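Asker: Before I ask anything, let me first share the structure, which is written out below as structure tokens.
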Amino acid sequence: KKLPASPSKQQQQEITPSTETTEEEKITKMTNACRTILECIGENPDREGLLKTPDRWAKALLFMTKGYAQTIPSVTNNAIFAEDHHHEMVVVRNIDIHSLCEHHMVPFMGVVHIGYIPDGKIIGLSKLARIAEVYARRLQVQERLTRQIADAIVDAVEPLGVAVVVECAHLCMVMRGVQKVGAKTVTSSVKGVFESNPKTRAEFFSIINGMCQPCG
């Protein structure tokens, strides 16, 4: 049974890029804010080593949150194809992701594993990575990020099922707070046959954990 379109189209609150503020205006505002932050922590923003830091920081933060200016149709770029003869699992694992925790605005990073079972449509493999990147390049919590990736794939190809697992290390747990180096957070989102069929779900987890070699 084909998965229905995900309610995420209404519930995920997709961000529409603002056209009211230019890139130059954003950088000016952010640069001024950064100078204030430097002063508040006891630094001198006019010393040689920090003269260009506010501008660099502003540009870096805009890059690290570029997902707000992207949409799923723009990154998939029509790379969705009819394919009536493949109804087996497609898995891409160990896709690198980098994001920013929305609670402290410090990085979390790791990998995402994506699997889906087509039902008449397939998507270019690189587009799975691009979908993950759109949502990772925003202020995030890992739980929502995992669900958003899964929902976006449901919306894009209407598969029989989707499974997404995200494994990340959060610097908010390393550089501050409990300061636990080596701790990783694992989240999953399973839909369709991955949710209803334990054997299908087990096969996916076997593949991403390296215990199954379907290509061998």
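Asker: For a test of understanding, tell me how many lysine pairs in segment 98-205 have Cα atoms under 27 Å apart, given they are 8 or more places apart or on different chains.
Answerer: 7
Asker: On the accessible surface of the chain, probed at 1.4 Å, how many percent belong to carbon and sulfur atoms?
Answerer: Solvent-exposed carbon and sulfur of the chain make up 53 percent of the total.
Asker: Using amide H atoms built 1.01 Å from N in the peptide plane, name the residues 5+ places from ARG137, or on other chains, whose amide H lies under 5 Å from its own.
Answerer: HN-HN under 5 Å from ARG137: GLY67.
Asker: Roughly how many debye, to the nearest 20, is the charge dipole of segment 32-141 about its Cα centre, given +1 on each Lys and Arg Cβ, -1 on each Asp and Glu Cβ, and no other charges?
Answerer: 220
Asker: Once you have a ≥ b ≥ c as the square roots of the Cα gyration tensor eigenvalues for the chain, tell me rounded if a/c is under 1.5, and otherwise prolate or oblate according to whether a/b is larger than b/c.
Answerer: prolate
Asker: Charges on Cβ only, +1 for Lys and Arg, -1 for Asp and Glu, centred on the Cα centroid of the chain; of GLY115, ALA33, GLY177, which one is farthest towards the dipole's positive end?
Answerer: Sorting the options by dipole projection puts first GLY177.
Asker: Please give the Cα centre distance for segment 77-91 versus segment 105-146, rounded to the nearest Å.
Answerer: Segment 77-91 and segment 105-146 have Cα centres separated by 17 Å.
Asker: Report the net charge of residues surrounding MET173, where surrounding means a beta-carbon distance below 12 angstrom and charges are Lys +1, Arg +1, Asp -1, Glu -1.
Answerer: Spelling it out: positives minus negatives among the neighbours equals +3.
Asker: Note down the net charge around GLU83, summing +1 for each Lys or Arg and -1 for each Asp or Glu among other residues with Cβ under 12 Å from its Cβ.
Answerer: -2
Asker: While we're on this one: What relative contact order, as a whole-number percentage, does segment 102-195 give when Cα pairs under 8 Å and 6 or more residues apart are counted?
Answerer: It comes to 36 percent, rounded to a whole number.
Asker: What accessible area per residue comes out for the chain, rounded to a whole number of Å², with a 1.4 Å probe?
Answerer: Accessible area per residue, the chain: 57 Å².
Asker: Shape call for segment 64-123 from the C-alpha gyration tensor, a ≥ b ≥ c root eigenvalues: rounded (a/c under 1.5), prolate (a/b greater than b/c) or oblate?
Answerer: Verdict is oblate for segment 64-123.
The values are calculated or read from the model by the stated rules, or taken from the named source; none is laboratory data. Since this is a predicted model, take the numbers as computed values, not measurements. Here Cβ is always computed from backbone atoms with ideal geometry, including for glycine, and neighbour counts include all displayed protein chains. Note: areas computed on protein heavy atoms with side chains; ligands, DNA, RNA excluded. Shrake-Rupley method; radii C 1.70, N 1.55, O 1.52, S 1.80 Å.
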